[in-house]
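Undergrad: Quick one: this structure, given as structure tokens, is what I'll be asking you about.
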Amino acid sequence: MNLNVNDWKEFKTSKLFYDMQNGKANQQMLENGNEDESLMTKGNCIIFICNGQGSVGYANYMDVDFIGTTDIVAGYNDNLNEYTGIFLATIYSQERPKYSFGRKWKTHLADTKINLPIQHNADGTPFIDVDKKYSDDG
């Protein structure tokens, strides 16, 4: 597959993830060693760090269930696995400089746009998804 970044197209986060969930724990719960099962966030997701001095703007792939604070958002897509997850987390982490000056990512996350490789037809033209599942352009 040719990964020439000049051929990549723009995708909006709200189209890439069918479910985006906020973390359920606060910092005090974690400091008290709270292991309440209701605080668990399901793994196989991209976590977006939306608040926190020095770490806001990072994204990571989580393959296991975990307890996340309300400062993260977990994004789910049926095509995620360790390879696509790490790839997407790397691309999303390139957004970090936009949030280095006190901006919080949570309010902008759904509208965040990233560039990703696209599929092509045999003749080299872009493959168009008529259902427009991941992009308004198909």
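The values are calculated or read from the model by the stated rules, or taken from the named source; none is laboratory data. This one's a predicted model, so the numbers in the text were calculated from it and none came from an experiment. Note: ideal-geometry Cβ built from the backbone for every residue, glycine included; neighbour counts use all protein chains shown.
Undergrad: Please specify each residue of region 108-124 satisfying the condition of being among the hydrophobic types (A, V, I, L, M, F, W, C), surrounded by 12 or more Cβ atoms within 10 Å (Cβ to Cβ) and more than 11 Å from the chain's Cα centre (by Cα). Please lay out each step first, then the result.
TA: Kept after step one, since they are among the hydrophobic types (A, V, I, L, M, F, W, C), are these residues of region 108-124: 109-110, 114, 116, 118, 122.
Now restrict to residues that are surrounded by 12 or more Cβ atoms within 10 Å (Cβ to Cβ): 109-110, 114, 116, 118.
Answer for region 108-124, where residues must be among the hydrophobic types (A, V, I, L, M, F, W, C), surrounded by 12 or more Cβ atoms within 10 Å (Cβ to Cβ) and more than 11 Å from the chain's Cα centre (by Cα): LEU116, ILE118.
Undergrad: What's the total number of residues in region 49-79 that are of a type in the set (A, V, I, L, M) and free of Cβ contacts under 8 Å to residues at least 24 places away in the same chain?
TA: Filtering region 49-79 for residues of a type in the set (A, V, I, L, M) gives 49, 56, 59, 62, 64, 67, 72-74.
Retained after the next criterion (residues that are free of Cβ contacts under 8 Å to residues at least 24 places away in the same chain): 62, 64.
Total satisfying the criteria: 2.
Undergrad: If you don't mind, there's one more thing I want to ask. Among the numbered criteria (1) outside any loop (DSSP other than H, G, I, E, B); (2) free of Cβ contacts under 8 Å to residues at least 24 places away in the same chain; (3) among the β-branched types (Val, Ile, Thr); (4) in contact with a Gly (Cβ under 8 Å, 6 or more places away or on another chain), which single criterion is violated by ILE46?
TA: Among (1) outside any loop (DSSP other than H, G, I, E, B); (2) free of Cβ contacts under 8 Å to residues at least 24 places away in the same chain; (3) among the β-branched types (Val, Ile, Thr); (4) in contact with a Gly (Cβ under 8 Å, 6 or more places away or on another chain), ILE46 violates only (2).
Undergrad: Filter region 68-107 down to residues that are among the aromatic types (Phe, Trp, Tyr), crowded, with 21+ Cβ neighbours inside 10 Å and outside any helix (DSSP H, G or I), then give me how many there are.
TA: The total comes to 1.
Undergrad: Filter region 49-67 down to residues that are in a loop (DSSP other than H, G, I, E, B) and hydrophobic (A, V, I, L, M, F, W, C) and give me whichever is surrounded by the most Cβ atoms within 10 Å (Cβ to Cβ).
TA: So the residue we want is CYS50.
Undergrad: Can you name every residue in region 60-72 that is modelled with pLDDT under 95 and within 10 Å of the chain's Cα centre (by Cα)?
TA: Within region 60-72, no residue meets the criteria.
Undergrad: Looking only at region 105-135, filter to residues that are over 30 Å from SER55 (Cβ atoms) and β-branched (Val, Ile, Thr); which one of those is modelled with the lowest pLDDT?
TA: Initial filter on region 105-135 (over 30 Å from SER55 (Cβ atoms)): 118-133.
If we keep only those that are β-branched (Val, Ile, Thr) as well, we get 118, 125, 128, 130.
Numbers: ILE118: 80, THR125: 74, ILE128: 76, VAL130: 71.
Here the answer is VAL130.
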